[in-house]
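Take a look at the structure below.
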Amino acid sequence: MPADIWAKWLDEADREGAAADRQLRILRSQVRDRVVHKAGLKRGSRVVDLGCGMGFLSLEAARVVGHEGRVLAVDSSPGALEALARLACDMGLDNLTTVQADISSLPLEDDTADAVIARSVLSYVTDRGLVLREALRVLHTEGILSLFEPVLSEEELVLDWGDDIYLWTRLRQVLERHHPAYGFNRSGLVDEVKEAGFEAVESFTWHADVTRPFASAEEALEELNSGLPGELSLAATWRRQGATEEEISGVAERLAASSTRISYHDILPCIYIWGTKPPREATS
Ligand SMILES: C[S@@+](CC[C@H](N)C(=O)[O-])C[C@H]1O[C@@H](n2cnc3c(N)ncnc32)[C@H](O)[C@@H]1O
């Protein structure tokens, strides 16, 4: 994946988040607080934030662990890391270090972290097992992994597809085969965490209502083109697999036409998962 497709996207998402209504902001902070809480952070903890972006989790983790603690905020996007370093400096957080790296090959020593945290990151990597095994490696015994991921493969998008149902079914299958975020379900992801070597793995689901009407077919098309950055967008994935512009526009038109109806809804299950690194003799 090109290194810096995320910086602009995250910057826009951050501005949208700041402008969001109070209820949405509360929901976002609940996600952040829950991931941090499940990681068992306390003053002095050493934390690694995988795919930290502009610090949604890292900044809160740095506040919680205090001057005695340390947060290593790891991301492949230099733009996001620069923005995070500036924010941390503005907030007077001197315990946060940004690390530009691929999270499937962390430039960190074994057995050095008390906690590894991540939000909405595994969805965008092709080899989740590799990333999870890296998380296990850098944690010390009884260190905690705490994750949050949207589960797009289980999204409940209810609208009247009419004759387009065949097209939509085909395009959904393309996403399930070729887009990392559609490549797992909830129990599969929990199994992957266990297979990586974690124990005492627990999880729960939060159903996010992401229903929103599209004002026009252009707006729906924009979402298909740019709802995720670069090659990760749904439209880009479809194009790579041979979908035509007409087919993609057809989906956008149907979305826009149906999304203002009362029967339309879009529910996205999101999963929290946390687990512990077992003592060495128990690690297979
Ligand atoms: C959806 S954003 C989430 C950012 C942040 N965790 C948050 O909650 O706002 C995904 C982040 O994962 C990073 N990322 C994706 N794949 C990566 C990889 N293989 N190595 C390092 N970072 C990666 C992207 O650069 C991006 O910042």
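The values are calculated or read from the model by the stated rules, or taken from the named source; none is laboratory data. Not measured: the values here are computed from a predicted model. Cβ: placed from backbone, ideal geometry, glycine included. Neighbour counts: every protein chain shown.
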Could you look through the range 201-250, keep only residues that are part of a loop (DSSP other than H, G, I, E, B) and free of Cβ contacts under 8 Å to residues at least 40 places away in the same chain, and pick out the one that is surrounded by the fewest Cβ atoms within 10 Å (Cβ to Cβ)?
GLY242
Evaluate the following for GLU134: is it in contact with a strand residue (DSSP E or B) (Cβ under 9 Å, 6 or more places away or on another chain) and within 15 Å of the ligand (Cβ to nearest atom)?
yes
Being within 13 Å of the ligand (Cβ to nearest atom) and in a helix (DSSP H, G or I) is the filter; apply it to the range 47-65 and report the residue that is farthest from THR97 (Cα to Cα).
GLU60
Filter result for ASP14 (within 14 Å of the ligand (Cβ to nearest atom) and part of a helix (DSSP H, G or I))
yes
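Can you name the residue in the range 26-41 that is within 14 Å of the ligand (Cβ to nearest atom) and not β-branched (Val, Ile, Thr) and is also farthest from ALA208 (Cα to Cα) among such residues?
So the first thing to find is which residues in the range 26-41 are within 14 Å of the ligand (Cβ to nearest atom), and the list is 27-36, 39.
Now restrict to residues that are not β-branched (Val, Ile, Thr): 27-30, 32-34, 39.
Values: LEU27: 9, ARG28: 11, SER29: 14, GLN30: 12, ARG32: 14, ASP33: 16, ARG34: 15, ALA39: 22 Å.
If we take residues in the range 26-41 being within 14 Å of the ligand (Cβ to nearest atom) and not β-branched (Val, Ile, Thr), then ALA39 is farthest from ALA208 (Cα to Cα).
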Scan the range 103-119 for residues that are surrounded by fewer than 17 Cβ atoms within 10 Å (Cβ to Cβ) and within 11 Å of the ligand (Cβ to nearest atom) and jot them down.
SER105
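Of all residues in the range 59-89, which are among the basic types (Lys, Arg) and either buried (at least 24 other Cβ atoms within 10 Å of the Cβ) or closer than 12 Å to GLY44 by Cβ (or both)?
To start, the set of residues in the range 59-89 that are among the basic types (Lys, Arg) comprises 63, 70, 86.
Across the range 59-89, the qualifying residue is only ARG70.
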Result of the Cβ filter at 9 Å on the range 114-126, keeping first residues that are over 16 Å from GLU60 (Cα atoms) and partners that are near the ligand (Cβ under 6 Å from one of its atoms) and of a type in the set (S, T, N, Q), at least 6 apart or interchain, is VAL125/SER104; THR126/SER104
Unmet requirement for GLY44, which otherwise passes all of (1) among the small types (Gly, Ala, Ser); (2) assigned to a helix (DSSP H, G or I); (3) more than 15 Å from the ligand (Cβ to nearest atom)
(2)
Does THR205 satisfy being polar (S, T, N, Q) and at pLDDT below 95?
no
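Considering each of ASP163, ASP110, ASP114 in turn, give the residue that is among the acidic types (Asp, Glu), outside any strand (DSSP E or B) and at pLDDT 95 or above.
When all the criteria are applied, what remains is ASP110.
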With the requirement that a residue be among the polar types (S, T, N, Q) and either in contact with a Pro (Cβ under 7 Å, 6 or more places away or on another chain) or without any contact (Cβ under 8 Å) to a residue 12 or more places away in the chain (or both), what does the range 1-60 give you?
GLN23, SER29, GLN30
